[in-house]
1. Somewhere in region 19-38, is a residue in a loop (DSSP other than H, G, I, E, B), surrounded by fewer than 16 Cβ atoms within 10 Å (Cβ to Cβ) and among the polar types (S, T, N, Q)?
2. With the condition kept exactly as written, say whether any residue in region 68-87 is surrounded by fewer than 17 Cβ atoms within 10 Å (Cβ to Cβ) and over 24 Å from Gln109 (Cβ atoms).
3. Identify, from the list Ala91, Ala59, the residue that is modelled with pLDDT of 95 or more and either assigned to a helix (DSSP H, G or I) or more than 28 Å from Trp32 (Cβ to Cβ) (or both).
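The values are calculated or read from the model by the stated rules, or taken from the named source; none is laboratory data. Remember, predicted model here, so these are calculated numbers, not experimental data. Reconstructed Cβ throughout: ideal geometry from the backbone, glycine too, with neighbour counts over all protein chains shown.
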Amino acid sequence: MTNRSLQYIVKNQDPLTLGSAVSVQRACQCMWDRHVGAVMVVDDGRLAGIFTGRDAVHALARGFDPERTPLSQAMTPNPDTIAPDATAIDALRRMHDCGYRHMPIVDGQRVVGIVSRGDFQGLELDLLEGETNLWERIC
């Protein structure tokens with residue numbers, strides 16, 4: 001099935017959310033414990049940013065002390081989001097076109113979940129690959 005809605009994909013998801021004052025060290029520990037690649041940074045019930053493994057590497061490369069650096073200094077602020085009624089292929093297209101590995105799903109101001117490439121099935125990935133190949137031949 002290639003037209004799954006994102007709300008279906010994340011219906012039982014309990015996304016990892018932390019506040020922006022939480023340390024990079026704590027966020028990395030939570031990501032490790034939960035076996036996830038991203039934290040949605042939420043302040044006052046609103047998505048403020050996303051913190052991924054790439055952000056952690058970037059923070060370390062810049063010499064930040066992970067125990068003292070808050071997520072607010074290491075996260076990607078105001079990430080691109082997608083609505084829960086969008087389809088899997090909509091999310092895949094945006095992730096592919098913009099180079100994202102994770103995309104938060106937000107309904108109004110409420111964080112619903114997050115998707116990564118691993119959440120998508122073979123047919124959805126095949127459809128994206130077919131579209132990409134077609135556009136490469138056209139352009």
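1. No, every residue in region 19-38 fails to be in a loop (DSSP other than H, G, I, E, B), surrounded by fewer than 16 Cβ atoms within 10 Å (Cβ to Cβ) and among the polar types (S, T, N, Q).
2. yes
3. Numbers: Ala91 fails: modelled with pLDDT of 95 or more.
Within the list Ala91, Ala59, the selection yields Ala59.
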